[in-house]
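The values are calculated or read from the model by the stated rules, or taken from the named source; none is laboratory data. Just so you know, these numbers come straight off a predicted model, no measurement behind them. Cβ: placed from backbone, ideal geometry, glycine included. Neighbour counts: every protein chain shown. Side chains are part of the model used for accessible areas, which takes the heavy atoms of the whole protein and leaves out ligands, DNA and RNA. Shrake-Rupley method; radii C 1.70, N 1.55, O 1.52, S 1.80 Å.
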Amino acid sequence: MIEVQQLTKRYGPTVAVSDVTFEVKKGEVLGFLGPNGAGKTTTMRVITGYLPPTSGEVKVAGYDVVEESIEARRHTGYLPESPPVYTDMRVSEYLAFVGRIKGVPGRDLKKRIDEVSEKCAITDVQSRQIGKLSKGYRQRVGLAQALIHNPDVLVLDEPTAGLDPKQIIETRELIRGLSGQHTVVLSTHILPEVSKTCERVVVINGGKVVAVGAPDELTHRLQGFESILITAEGPRDEMKARLERVEGVTLIEEREVFDGRATFEVHAAKDRDVRSELARAVVESQWRLLELRTSGMSLEDIFLKLTTRDLSEEESAGSARPETETKEQ
Ligand SMILES: Nc1ncnc2c1ncn2[C@@H]1O[C@H](COP(=O)(O)OP(=O)(O)O)[C@@H](O)[C@H]1O
Ligand SMILES: [Mg+2]
């Protein structure tokens, strides 16, 4: 539904986005994750036709955003980073205004306004002035205007920035409710946002894509080993020594010792499943197995690993690693 191919965007000498390629499938919610200055807004402005690319190609619903910009925009709804605020307009007036600009036929306008208002839970404020609304409501009005012409694709630039925790949860639920009917790409520099809302993530840093995948896929790929947490009741030194001898185990560390039970973190070679062997070792020694589970890196760890490593590489000039290695490691 969205195809971004080798997109590069320069502002004068500044390269904001460099050789970015990714796609968003129909009905998918894709998270565009990166720290401030990574190039998220720039990419979104190109996708929505507000900025021409320096080079590369972007298609929305099969339409080139430069060559067929009117068609492409007809299929796109956009919530900019700071939505235009017509503070003295009433909500329904504003939605009618945007609807007319976006070519919603006059006879459908009232119906569309009612539909998007319901979807975005702003029906009760339709006659209120935008300037008098809370930030959460204003953001939902922004979403409603993006939806007014019923676009296939929604581009949301940091849709939860500046909201309070309750509003954040409401907005996330609203966005999740839009998936399926709409293809959504949302940007964020906040990590929990993507794991809560998105099926797939594109991580961008310094204008470059540094990773693409489902959150748990990324964890798996970036972590060079399998990690298992095992808790058992028994003599801890003996247990540790026994688990260490399980074939495939590369490292074992004590995590917690409490009341006769111990938790160990066990590392094994990547793609080697040692769980049943660990369980057997405990049970055969007649210790009590209390818990056994894999433990991945948190998304936070991944994000830090991806973004900090790349920056330090850029600083040490000329030491750039081959791209495949950077992506896979
Ligand atoms: N209009 C502009 N003129 C010059 N540089 C810009 C402009 N907009 C953004 N940049 C630069 O491009 C880079 C990417 O910015 P942006 O796309 O806004 O990132 P993000 O949305 O991820 O924070 C930053 O280094 C920023 O300073
Ligand atoms: Mg931005």
Entries in 119/305; 9/166; 119/208; 9/119; 196/270 that, when Cα-Cα distance is taken, lie over 30 Å: 119/305; 9/166; 119/208; 9/119
Segment residue 285-residue 217, length gained on full extension (0.36 nm per residue, minus Cα span): 21.0 nm
At R0 = 45 Å, FRET efficiency that the Cβ-Cβ distance of residue 6 and residue 293 yields, to 0.05: 0.60
Radius ratio Rg over Rh of the stretch 1-140, counting only Cα atoms, Kirkwood formula for Rh: 1.01
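With the contact rule set at Cα under 8 Å and sequence spacing of 6 or more, what percent relative contact order holds for the stretch 220-294? Provide the component values of the computation, followed by the final result.
Details: 137 pairs, mean separation 32.8, N = 75.
Computed value for the stretch 220-294: 44 percent relative contact order.
Want the number for residue 237 to residue 255: 0.36 nm per residue separation, take away the alpha-carbon distance, what's left?
Between residue 237 and residue 255, full extension yields an extra 5.2 nm.
How big is the Cα convex hull of the stretch 220-294 in projection, averaged over all directions, in nm²?
Values: hull surface 17.6 nm².
Result: a mean projected hull area of 4.4 nm².
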Dipole of the chain, positive end: most advanced residue of 125, 29, 72 [Cβ charges, Cα centre]: 125
Amide H partners (placed H, <5 Å) of residue 205, local residues excluded: 210
Residue 50 paired with residue 67, simple spin-label distance in nm, labels 7 Å along Cα-to-beta-carbon: 2.6 nm
Structure-based [θ]222 nm, the chain - -39500 (n - 2.57) summed over DSSP H runs of at least 4, per residue, nearest 500: -11000 deg cm²/dmol
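Determine, for each peptide in 36-44, 159-167, the mean count of other beta carbons within 10 angstrom over its residues, then list the peptides with the highest first. Write out the running numbers ahead of the final one.
Working: 36-44: 21.3, 159-167: 16.0.
Peptide ranking by packing, descending: 36-44, 159-167.
So what is the relative contact order of the stretch 2-219, in percent, for Cα pairs below 8 Å that sit 6 or more residues apart?
Numbers: 427 pairs, mean separation 65.6, N = 218.
Dividing the mean separation by the residue count of the stretch 2-219 yields 30 percent.
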Residue 129-residue 93 pseudo-label distance in nm [points 7 Å out on the Cα-to-Cβ vector]: 0.9 nm
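Quick one: of the DSSP bridges fully inside the stretch 2-219, what percent are antiparallel, nearest 5?
Working: 20 of 39 bridges.
Around 50 percent antiparallel, to the nearest 5.
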Solvent exposure, largest accessible area first (probe 1.4 Å, DNA, RNA and ligands not counted), of 195, 179: 195, 179
Accessible surface of the stretch 2-219 [probe 1.4 Å, protein heavy atoms]: carbon and sulfur percent: 50 percent
Hull-based mean projected area of the chain, where the convex hull spans the alpha carbons, in square nanometres: 21.2 nm²
Under 18 Å from the Cα of residue 102 - aspartates and glutamates, other chains or at least 8 residues apart: 68, 71, 93, 114, 115, 152
Sites matching GluC sites (Glu not before Pro) across the stretch 203-249 that sit in DSSP coil, with at most 10 neighbouring C-beta atoms within 10 Å: 247
³J(HN,Hα), Karplus 6.51/-1.76/1.60, whole Hz, each residue of the stretch 249-254, x for Gly, Pro: 6, 10, 7, 9, 10, 7
Packing rank of 281-291, 45-55, where each peptide gets the mean count of other beta carbons within 10 Å, highest leading: 45-55, 281-291
